[in-house]
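Working notes for the structure below.
The values are calculated or read from the model by the stated rules, or taken from the named source; none is laboratory data. Owing to the predicted nature of the structure, the values given are computational and were not obtained by experimental measurement. In this analysis, Cβ positions are derived from the backbone assuming ideal geometry, glycine residues included, and neighbour counts consider all displayed protein chains. Areas reflect the complete protein model, heavy atoms only, side chains present, ligands, DNA and RNA absent. Shrake-Rupley method; radii C 1.70, N 1.55, O 1.52, S 1.80 Å.
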Amino acid sequence: MHSLLQVSTSGTPLLVLNSAEYTHWLAKQTSTVNNWLTQSGFNGEGLSLIPSSTGALNQAVFVVKDASHYFACGDLIKQLPVGQYLLEAAEEYQQAICFSWLVGAYQYSAYKTDQKEKALPSLAVSKQVLVDNAIKYAEATTLVRDLINTPAADMMPVDLGNTAQNLVDTFGGELSQIIGNDLLKKNYPTIHAVGRASINQPRLIDFQWGDNKHPKVTLVGKGVCFDSGGLDLKPAAGMRNMKKDMGGSAHVLGLARLIMSHNLPVNLRVLIPAVENAVSNNAMRPGDVITTRKGLTVEIDNTDAEGRLVLCDALAEANNDKPDLVIDFATLTGAMRVALGTELPGFFSTSDAVAQGITEAGNKINDPVWRMPLYSPYNDLFKSTLADMTNCSAGPFGGAITAALYLQRFVDPDIDWVHFDVMAFNVRALSGRPLGGEAFGIRAVFDYLQVRYN
Ligand code: BES
Ligand code: ZN
Ligand code: ZN
């Protein structure tokens, strides 16, 4: 990543302009340049490679509607010929350009036998801070994408644990894990119940970073490494992409990376209940009742609503050290995709101020998020005749809301809480955003945290 972007004053000029700036620029060009643009059919949108009189590449011009959009230049690094380019763009676009330049280089090729690295161009900019920030954001995004794209067979609870350990090795902090039957001994019954049917033992990954005099922020991520649905087995189409069901934990690890690499003055705790929702003779059954860590009893109505089960014990634990803020990320419901589509993550919050802060931060840096309501009358929808509650509502409507309401019961009411229900996957390719694993909302949340705690 470091060779793709650096501080330097040499390179072929790369002009990034919006349409108005382009018109202005064009008026000042020589007739040769004007002729080239006309003759090559350039219509004032996208990339044009402009030659010198000898046919060498003299400058590259990239025109976009909104050059401040964080992904506007997401395809440039793959479109330009190899070489070094010197960025010429308005100051206010430069951070976004550097970020999208780097994420645009992303390609998941770990399982391709042809491992020849394709040479890529590099970008020269004027300030080190542009380089440093772009690398931090791009590395966090890359981490999230890589974790989600890795096949489930190679991204099981043990692998999520190793990833968390790597972060701690890099940035400091302390990590502990509760594995297998120890989850029962230490009172995490729902994490154990969901994960016990898999040969890959369930675990709770728990790490702390930062100064304990700083405000405590706890992140919780759904780490269902593969969601077969359990005994309520998913149909093939629904199961196909369920390696991504640890996407919440990937988001939390990416967000933790942003927090730690920026040295944000918080006392960070990360909790990841990591399991495989598998089918076996010891799998939890529809109709079973589990006493959760908090003491509430849950009747399993559907073994495919497992995310809220693993999260509820982790959230109950999160209360223990009275954090200032609890944020969870989860690929929790198909219903959220129905409500908002695949590219806009929905989130819930018990605090209007936090919700507004995150929304505004997201709009500023093109990481849009949409607040959903914790509509309390829907609590009636998961009443159980047998236990305190069921794990999913009876009807087909409002599934993202009822899942969030289920989680809310496990968070102490005096703690600010945010719950993200994310897709974690691009189902169509966009500029700088290839098909497959994707981070949604972590830049929005991080920028909000920077405002809140800096
Ligand atoms: N992991 C899924 C949710 C999901 C599905 C997220 C597709 C993203 C894309 C979750 O565990 C699940 O299966 N939820 C069920 C809940 C239902 C049984 C109440 C769902 O959404 O259908
Ligand atoms: Zn499920
Ligand atoms: Zn799931």
Please tell me if Ala387 is open to solvent by less than 30 Å² (accessible area, probe 1.4 Å), farther than 16 Å from Lys222 by Cβ, away from ligand 2 (no atom under 16 Å from the Cβ) and more than 18 Å from the chain's Cα centre (by Cα). yes
Quick one: how many residues across the range 391-410 are touching a Phe, Trp or Tyr at 6+ places or on another chain (Cβ under 8 Å) and over 22 Å from Asn319 (Cα atoms)? 4
Take Gly55 and decide whether it is modelled with pLDDT of 95 or more and small (Gly, Ala, Ser). no
Of the residues in the range 174-209, how many are of a type outside the set (A, V, I, L, M) and under 22 Å from the mean Cα position of the chain (by Cα)? 5
Of all residues being farther than 19 Å from Leu76 by Cβ and in a helix (DSSP H, G or I) in the range 113-138, which is most open to solvent (accessible area, probe 1.4 Å)? Just the residue, please. Gln128
Could you please find all residues in the range 236-278 being surrounded by fewer than 24 Cβ atoms within 10 Å (Cβ to Cβ), within 11 Å of ligand 1 (Cβ to nearest atom) and not charged (D, E, K, R)? Ala237, Gly238, Met239, Asn241, Met242
Which members of the range 90-104 meet the condition of being buried (at least 21 other Cβ atoms within 10 Å of the Cβ) and part of a loop (DSSP other than H, G, I, E, B)? Gly104
What is the number of the single condition among (1) within 16 Å of ligand 3 (Cβ to nearest atom); (2) surrounded by fewer than 20 Cβ atoms within 10 Å (Cβ to Cβ) that Asn212 does not meet? (1)
Kindly evaluate Leu344 against the criterion of being in contact (Cβ under 8 Å) with a residue 12 or more places away in the chain and away from ligand 3 (no atom under 16 Å from the Cβ). yes
Scanning the range 345-375 for residues that are surrounded by fewer than 17 Cβ atoms within 10 Å (Cβ to Cβ) and closer than 14 Å to Val422 by Cα, which turns out farthest from the chain's Cα centre (by Cα)? Arg371
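Could you grab me the full set of residues in the range 412-454 that are in a strand (DSSP E or B), of a type in the set (A, V, I, L, M, F, W, C) and open to solvent by less than 30 Å² (accessible area, probe 1.4 Å)?
Start the filter on the range 412-454 by keeping residues that are in a strand (DSSP E or B), which leaves 416-421, 425-426, 430, 433, 436-437.
Within this subset, residues satisfying the condition of being of a type in the set (A, V, I, L, M, F, W, C) are 417-418, 420, 425, 430.
Within the range 412-454, Trp417, Val418, Phe420, Phe425 qualify.
Among the listed residues Ile259, Ile290, which satisfies the condition of being in a strand (DSSP E or B), touching a helix residue (DSSP H, G or I) at 6+ places or on another chain (Cβ under 8 Å) and not basic (Lys, Arg)?
Values: Ile259 fails: in a strand (DSSP E or B).
Residue meeting the stated conditions: Ile290.
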